[in-house]
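Structure record follows, encoded as structure tokens.
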Amino acid sequence: MLPDSTRQIIEQNDVIIGDGRFSILGMRVVAIPLNIVLVLQKHFTDKHGRKASQVFYTAGRLQGRLSLATQLKLQNLPRDTLSLTRLLKISELFGYGALEIRECDREEGEAIFENSASPMCRQYVKLFGCDGSDAGCYMRGFCAGLIECLFGVHAEARETECAAKGTNGCRVVVRAKPGAGAQRRREDRLFNRIMEAFSPDRNLLSRQTAASKQLIAHGQISFRNGWFLAMSIPGVLFSVEVFAALVHLLDQAFGREVHDVLYQLGRCQTRMGGRAIMSRFEFNKATFLKSYVQQAELQGLGLARIDSIDWEKKVFCLEQTRNNLAAKHVELFGVEPAPVDSYTCGMAAGVGSLLFEIDGAGVETECIAAGSARCYYRVAAGEAGRRRLLLNPGLLREALSAQALLPAR
Ligand SMILES: [Zn+2]
């Protein structure tokens, strides 16, 4: 199954990576390590409860609606159950597991999905145990979004079985729901903005395709039974629009907290991952730097370039001439007074820390989302730490080291 599906992806050009972009079926995506997504979700739902899981649910719903709406359009398919069944391939490519539709009754306005291997729910229980939280909120939203697009209605989804609650798989029941409150209308407006900002990436240049074929053929990224793996680490894909919206919605609901959390996640992830890569492949610092810069492209985050390294003063500067999230943020929400890509800033801080063997702190001095032509990050030791470290360091280390131990299938 694996070689076939991977070969198919290569042959059909379903996945294209190059020039700082990562596209699947014409949708531009970012790849975020699975455990990073789960720690982010866990932090917010533990602290803010239902209000937070609702944000992840909304993001999932936006992704479901966007995925189906754009694919029906791009592949010129009718809006019916058969098309949805065909397009559930999206969930597999995105690392959402093997989502299948069991029942779909337009008259009754009801549909049932099953996911025998939702990586998000399965990994959640491995990391945090059965903590009774709404672990599948994003996937639940994704199913609701698919049905909303298919039936052209408002719908709500509930998870009647969940791998994070001890069952074998997840089962989601989606029901059409008449009427829409103020919250719902706000989300519809956001979705319309996302659709307006969406431009298909179907026709990237063939030289970029050659590069992505090589990446897949060499196993640097792979798709296996509903899991997405980058350098053997499981990841979750979001369309750039949806990830930008998720950060924005968390920011609106809970203040700058999301930026502090993403910074800490990026920094810790890079320090731990970088250390592991250096020892595993016996990389020296120069080789590590090169692989790190490629990594930004592999994640679909944009194009990164080392601007300067001052070994004496222990200062490291990174420049991004392309930052997909910041650019999309401006398109969707306008120019911001403050930088928005704290995840990349955290990763830069992690790189600086590894290079100089210090506790490095990063600052985003310029940001495309704040009106600059580039994003610019400066990392130095002892630089006034403007960030609040909100995540429990023990939990964070545990969650991030667990991802290296995952089996490859
Ligand atoms: Zn679940």
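The values are calculated or read from the model by the stated rules, or taken from the named source; none is laboratory data. As the structure is a prediction and not an experimental result, all values here were calculated from the model. With ideal geometry, Cβ positions are generated from the backbone for all residues, glycine too; neighbour counts draw on all protein chains shown.
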Check: Can you find even one residue in the stretch 94-109 that is within 10 Å of the ligand (Cβ to nearest atom), closer than 29 Å to Pro178 by Cβ and touching an Asp or Glu at 6+ places or on another chain (Cβ under 8 Å)?
Finding: no
Margin query: Looking at Ala182, Ala157, can you tell me which residue is surrounded by 12 or more Cβ atoms within 10 Å (Cβ to Cβ) and of a type outside the set (Lys, Arg)?
Written below: Ala157
Notebook entry, point to check: Would you say Ile101 is β-branched (Val, Ile, Thr) and touching a residue at least 60 places away in the same chain (Cβ under 8 Å)?
Noted result: no
Next item on the list: Out of the residues in the stretch 136-184 that are more than 10 Å from the ligand (Cβ to nearest atom) and acidic (Asp, Glu), state the one that is nearest to Arg106 (Cα to Cα).
Entry: Glu148
Note to self: Quick check on the stretch 231-260: of everything there that is touching a helix residue (DSSP H, G or I) at 6+ places or on another chain (Cβ under 6 Å) and farther than 26 Å from Arg65 by Cβ, which residue is modelled with the lowest pLDDT?
What the structure shows: Ile233
Checklist line | Near pairs, Cβ below 6 angstrom, 6+ apart or cross-chain, from the stretch 151-165 (more than 17 Å from Ser116 (Cα to Cα)) to any residue that is within 10 Å of the ligand (Cβ to nearest atom) | finding: Ala157/Arg140; Ala157/Val172
Note to self: Can you confirm whether Ala253 is out of contact with any strand residue (DSSP E or B) (no Cβ under 9 Å at 6 or more places or on another chain) and either away from the ligand (no atom under 16 Å from the Cβ) or charged (D, E, K, R) (or both)?
What the structure shows: yes
